[in-house]
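Trainee: Here it is, the structure, as structure tokens.
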Amino acid sequence: MVNIKTFLLLLGLIAASSALQLRSEEHIKRREALLANVDNFAEQFRVEYDNYTQYGVRSTQLESMFKMMKLPPIVGRAEIEEFPPEAAIVSCLFCRTTIGTILQRFRAGASKESLMDFAFDACMQVTTYGAVVCRGVVDLNADSMFFIIGERPSLTANQICSVILQGECGDPDPVFDFTVSVSAGPAITQHKSGSIPRNSNEIKILHFSDPHYDPAYLVGGYANCPEPTCCRRDRGIAADPADRAGRWGDYRDCDSPWEVVEDAIRSARRDHPDATIVYITGDFVDHGVWETTHAGNIAIMDRFYNLVRSVFAGVAVYPVLGNHEAQPTNVFAPTHITDPALSIHWLYEHAATAWASWLPAAALTTVRAGGYYTVLNRPGFRIVALNNNDCYIYNWWILYSRNEVAAQLQWLHNTLLAAEAANEYVHIIHHIPSGGGSCLRWWSREYRRIIDRFHRIISGQFMGHSHRDEFNVFYARNTDFAVNYAWNGGATTTYSNVNPNYILYHVDNQIFQVNEADSWYYSITEANINPNTPPVWRKLFSMRADFGLPDLSPASLNNWVTNTLARNRATLRRYFEYKISMGDPLMTAPCDDDCLRNHLCAIVINEFNEHRKCDQLRQLPLA
């Protein structure tokens, strides 16, 4: 029998080390000790729950076990790489226990309804969500989960949780591994350097990401709620004025009212009339994940697309899909799955129709096939848009098949190979950052291999999802040479604790490298003091000018990160403040040297759990 007191002690010890996101040796040892006992805990839980099911009375032991699996709110509002250690280990305990119970009961012939009731009960016991949220999430995800575990009878709870929690719950099983055929290329022997001097012929590209328009947003609505997103009509006007949502957004866990979305798009067009390209890196739909519908998602997307189409008439627009566009959220079935209850074809068909005014017919073919495409913007300059939601760890279908994931990456490789032969430079756009904890480690490894191979012609990568105004330097897998970079568009939503922002890139018209990146934002605090006037959008910073960089080549960025950012506390703090677009709650929250170094490491981690460059930088003294 598992020793409950021992588990509580271990959980408490882990909580004491929660300041670090990068796991300490001490935490790893404690995690391993917990993992050694999780299976016993899960087995005892099943016995106790079976007794409850049979007799209708929860034992003291069962109540204690549910309390031990109580998930902190961050689990529902952040990515795995942002979890403090105690949140990660409790998530593992909950995952292995509940998934194991579902698998055992499913294979013993339990009804779908009884399994859904168990999942609902577990949600109610371990989260702060109410019955409406728990029932909605379970009902929406049940069909996909039951199909997957039915078609993959060898799946275990250990395998599932190790993938969903990216190694925080045991080493991922190699059964999910895959490789892409990458052609031979020249050896990488130096940092990628060189840039075209600033000139009047630069191309201006606007980058919007993560608008998360919420049709249910209520000005004055309750902003301090236990649900995944707040400020919504269902709770009405908050009694306490301090809890009321502002007209121009709210720093708390709230998505965007339409006024914020529209103001961002119209203001960018007004302030940058000479922008000739727009990148939109996904997540148009809100965080109301328990009540999404096909019709609701389509209505949100169409309203956003129609706005962009009207405001940016005659401008080249290149969108990608975010994880929130799927129904249910995050869940992108392989294209050979045609059951209407499971299929994702409706989204790809809708995207092809909605994007037809922006993309040529040839590009729409692959949009319909898998939500990705390539377009030649002008001679020598190609756009490659990926649907990399198939790398997202909360897309349950990554447990089902690797074939289609590998197929899109192989398409990317082949597209880049053809671009190389045609002497074209390439921008890659996608939604989910490839190096963070959100992206399946094998996907990020194979993607990185492709970036290494074609680093010469890839002039930039552009992404979203994190809601942070950040960038990544890509290092060759087998060397310390900086070979590429990726820019994140931040978010036009405030979810959570940030100001709305967008990016303007100044791109040369020869090698199509970013020469300058300007971040524009407005202050939520300031805007809501004067709710009857539109927000004032300002340039927050210019990457090259504000940090005194000679250019924005990978070589220059590496030199700056290594020799300035990693050694100068004030500069690193300033980068952090820009990253959160000066959001008031995070500006006033403590961020010590360990915290700052975590943000430094986020720049240089290109593959999940590959900390070589990060470890080098953490050894440098901050002065």
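The values are calculated or read from the model by the stated rules, or taken from the named source; none is laboratory data. Since this is a predicted model, take the numbers as computed values, not measurements. Because the Cβ atoms are built from the backbone with ideal geometry, glycine has one as well, and the counts that use them run over all protein chains shown. Each accessible area value is taken on the protein alone, full model and side chains, heavy atoms only, with ligands, DNA and RNA left out. Shrake-Rupley method; radii C 1.70, N 1.55, O 1.52, S 1.80 Å.
Trainee: Taking the range 579-594 on its own, how many of its residues are part of a helix (DSSP H, G or I) and either in contact with a His (Cβ under 6 Å, 6 or more places away or on another chain) or open to solvent by less than 30 Å² (accessible area, probe 1.4 Å) (or both)?
Mentor: Residues flagged as part of a helix (DSSP H, G or I) and either in contact with a His (Cβ under 6 Å, 6 or more places away or on another chain) or open to solvent by less than 30 Å² (accessible area, probe 1.4 Å) (or both) within the range 579-594 amount to 1.
Trainee: OK, next. Tell me which residues, restricted to the range 146-198, are in contact with a Leu (Cβ under 8 Å, 6 or more places away or on another chain) and charged (D, E, K, R).
Mentor: Hit for the range 146-198 is 152, nothing else.
Trainee: Turning to a different aspect of this structure: Report whether or not residue 78 is under 20 Å from the mean Cα position of the chain (by Cα), crowded, with 22+ Cβ neighbours inside 10 Å and modelled with pLDDT under 95.
Mentor: no
Trainee: A follow-up question, please. Restricting to the range 401-420, count the residues that are open to solvent by 30 Å² or more (accessible area, probe 1.4 Å) and either acidic (Asp, Glu) or farther than 12 Å from residue 446 by Cβ (or both).
Mentor: The total comes to 7.
Trainee: I would also like to ask the following. In the range 604-623, which residue that is in a helix (DSSP H, G or I) and open to solvent by 30 Å² or more (accessible area, probe 1.4 Å) is farthest from residue 481 (Cα to Cα)?
Mentor: Among them, the one singled out is 618.
Trainee: Something else about it: Can residue 189 be described as farther than 30 Å from residue 413 by Cα and among the polar types (S, T, N, Q)?
Mentor: no
Trainee: Can you tell me how many residues in the range 473-508 are open to solvent by less than 10 Å² (accessible area, probe 1.4 Å) and charged (D, E, K, R)?
Mentor: Here the count works out to 1.
Trainee: Still on this structure: Going by the structure shown, is residue 65 surrounded by fewer than 22 Cβ atoms within 10 Å (Cβ to Cβ), assigned to a helix (DSSP H, G or I) and touching a residue at least 12 places away in the same chain (Cβ under 8 Å)?
Mentor: no
Trainee: Identify the single condition in (1) open to solvent by 20 Å² or more (accessible area, probe 1.4 Å); (2) under 21 Å from residue 434 (Cβ atoms) that residue 601 does not satisfy, given that it satisfies every other one.
Mentor: So residue 601 meets the others, but not (1).
Trainee: Please find, among 515, 488, 501, 478, the residue that is at pLDDT 95 or above and farther than 28 Å from residue 304 by Cβ.
Mentor: When all the criteria are applied, what remains is 515.
Trainee: Residues being in contact with a helix residue (DSSP H, G or I) (Cβ under 6 Å, 6 or more places away or on another chain) and in contact (Cβ under 8 Å) with a residue 60 or more places away in the chain: count how many of those fall in the range 501-520.
Mentor: 2
Trainee: Of the numbered conditions (1) in contact with a helix residue (DSSP H, G or I) (Cβ under 8 Å, 6 or more places away or on another chain); (2) touching a residue at least 60 places away in the same chain (Cβ under 8 Å); (3) part of a helix (DSSP H, G or I), residue 443 satisfies every one except a single condition; which is it?
Mentor: (2)
Trainee: Here's something else I'd like to know. I'd like the residue in the range 111-159 that is open to solvent by 60 Å² or more (accessible area, probe 1.4 Å) and free of Cβ contacts under 8 Å to residues at least 24 places away in the same chain and, out of all such residues, is farthest from residue 293 (Cα to Cα).
Mentor: That would be 154.
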